[in-house]
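J.: Below are the structure tokens for one structure; questions will follow.
The numbers here are math on the coordinates, done by the rules we state, and not lab data. Please read all numbers here as calculations on a predicted model, not as lab measurements. Neighbour counts are summed over all protein chains in view; Cβ atoms, including those assigned to glycine, are modelled from backbone coordinates with ideal geometry.
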Amino acid sequence: MTAEGARSFLATGAAYDGYMGRYSRPLAAAFADAAGVVSGLSGLDVGCGPGALTGELVSRLGAASVWALDPSPPFVAECAARHPGVAVQVGRAESVPFADGSFDRVLAQLVLHFVTEPAVAAAEFRRVLRPGGVAAACVWDFAAGMQMLSRFWAAALVLDPDAPDEARTLRFGKEGEIPELLAGAGFADIEESTIEVASTYADYDELWSGYLAGIGPAGTYCLGLPAAGRAALRAELYRHVGEPTGAFTLTATARCATGRHE
Ligand SMILES: C[S@@+](CC[C@H](N)C(=O)[O-])C[C@H]1O[C@@H](n2cnc3c(N)ncnc32)[C@H](O)[C@@H]1O
């Protein structure tokens with residue numbers, strides 16, 4: 001049975017890249033900076049997906065010092081294929097399969113809002129860190145504008161007032177939410193920041209095809225619509241992104257927090 005949280009993440013790595021990886025790759029570099037990921041340390045990537053952050057960790061730490069886990073078997077296979085030498089395994093943030101004090105850095109990029117028991121996950125991050133180690137987590141700030149998702153949901157709400165807008169249904173995208181989680185787990189020296197990234201689409205079809213991969217809440221919602229509803233949403237979203245006739249760029253802001261295990 002597929003683990004809770006991974007059900008909408010059973011896509012191929014290529015489909016994920018076209019939809020979200022195009023944002024999570026540039027995000028990974030800034031996020032690793034915020035977490036103080038530097039040569040000589042060890043790092044665990046929790047909820048690695050196909051490996052956007054894993055690759056950034058490998059470039060800084062070397063594959064032998066990087067571990068990664070995700071509940072989605074296809075993503076685990078893809079991450080392992082993309083990053084030879086990294087120990088990648090199926091697992092969940094709420095039950096990290098490592099001994100106490102194993103890592104210098106534990107990072108979760110765009111994962112917390114899919115975790116069923118975030119407080120348990122934060123406690124797990126602290127448990128597997130060495131004293132002095134740092135946990136870092138980031139998620140999209142929907143209010144500040146993860147445009148690829150916020151415009152999708154704005155368009156969906158025009159047609160369906162009950163559409164499950166991620167800004168309403170998912171936690172941790174607002175200021176103070178990740179720091180509060182880390183503080184509750186006993187972390188010290190908590191720092192919060194925002195990271196902005198952007199992605200350029202060749203045309204509107206490239207953006208629209210991303211949702212059709214069925215990834216995450218927006219993709220799941222899009223694929224669940226009848227054909228007529230999907231066509232109406234396609235037209236409505238086109239208006240919400242400014243009716244582009246060629247290439248266009250969308251921006252995304254992530255909210256990030258780090259905490260130290262004293
Ligand atoms: C938006 S993707 C982010 C993937 C990757 N970190 C990135 O930045 O591209 C969310 C990931 O969280 C994973 N996930 C869902 N529930 C999880 C849980 N309880 N523990 C760990 N990962 C989880 C999903 O399988 C998916 O790979």
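J.: Over all directions, the average projected area of the alpha-carbon convex hull for segment 171-262 comes to how many nm²?
T.: 7.6
J.: Let me ask another. Could you go through segment 227-240 in sequence order and give the Karplus-derived ³J(HN,Hα) for each residue, using 6.51 cos²θ - 1.76 cosθ + 1.60 with θ = phi - 60°, rounded to whole Hz, and x for Gly and Pro?
T.: Whole-Hz 3J(HN,Hα) from phi for segment 227-240: 4, 5, x, 5, 5, 5, 5, 4, 5, 5, 5, 4, 5, 5.
J.: Placing unit charges on C-beta atoms (Lys and Arg positive, Asp and Glu negative, everything else neutral), compute the dipole magnitude of the chain about its Cα centre in debye, rounded to 20.
T.: It works out to roughly 340 debye.
J.: Let me ask something else. Could you give each residue of segment 32-38 its phi-based ³J(HN,Hα) in whole Hz, using Karplus coefficients 6.51, -1.76, 1.60 with θ = phi - 60°, and x for Gly or Pro?
T.: 5, 4, 4, 7, x, 7, 10
J.: May I ask you to give the average projected area over all directions of the convex hull of the Cα atoms of segment 24-133, in nm² rounded to one decimal?
T.: Hull-based average projected area comes out at 6.0 nm².
J.: Looking only at segment 1-128, where both bridge partners belong to it, what percent of the DSSP beta bridges are antiparallel (to the nearest 5)?
T.: If we restrict to bridges inside segment 1-128, about 10 percent are antiparallel.
J.: Among ALA227, ALA252, ALA64, which one shows the biggest mean-square fluctuation in a GNM of the chain, springs joining Cα atoms closer than 10 Å?
T.: ALA227
J.: With 22 Å as the cut-off, how large is the P(r) tail for segment 139-218, expressed as percent of Cα-Cα pairs?
T.: When every Cα pair of segment 139-218 is considered, 38 percent fall beyond 22 Å.
J.: Sort the following peptides by mean Cβ neighbour count (other Cβ atoms within 10 Å, averaged over residues), highest first: 12-22, 42-52.
T.: Final packing ranking: 42-52, 12-22.
J.: Suppose the Debye formula is applied to equal point scatterers at every Cα of segment 74-208; what is log10 I(q)/I(0) at q = 0.09, 0.15, 0.17 Å⁻¹?
T.: Each listed q maps to, in turn, -0.35, -0.91, -1.08.
J.: Can you give me the long-range amide H partners of ILE215? Hydrogens built in the peptide plane at 1.01 Å from N, cutoff under 5 Å, separation of 5 or more residues or another chain.
T.: Residues meeting the criterion, in which the H sits 1.01 Å from N, are THR220.
J.: Taking amide hydrogens as modeled 1.01 Å from N in the peptide plane, which residues meet the under 5 Å criterion relative to SER42, leaving out close sequence neighbours?
T.: ASP104, ARG105
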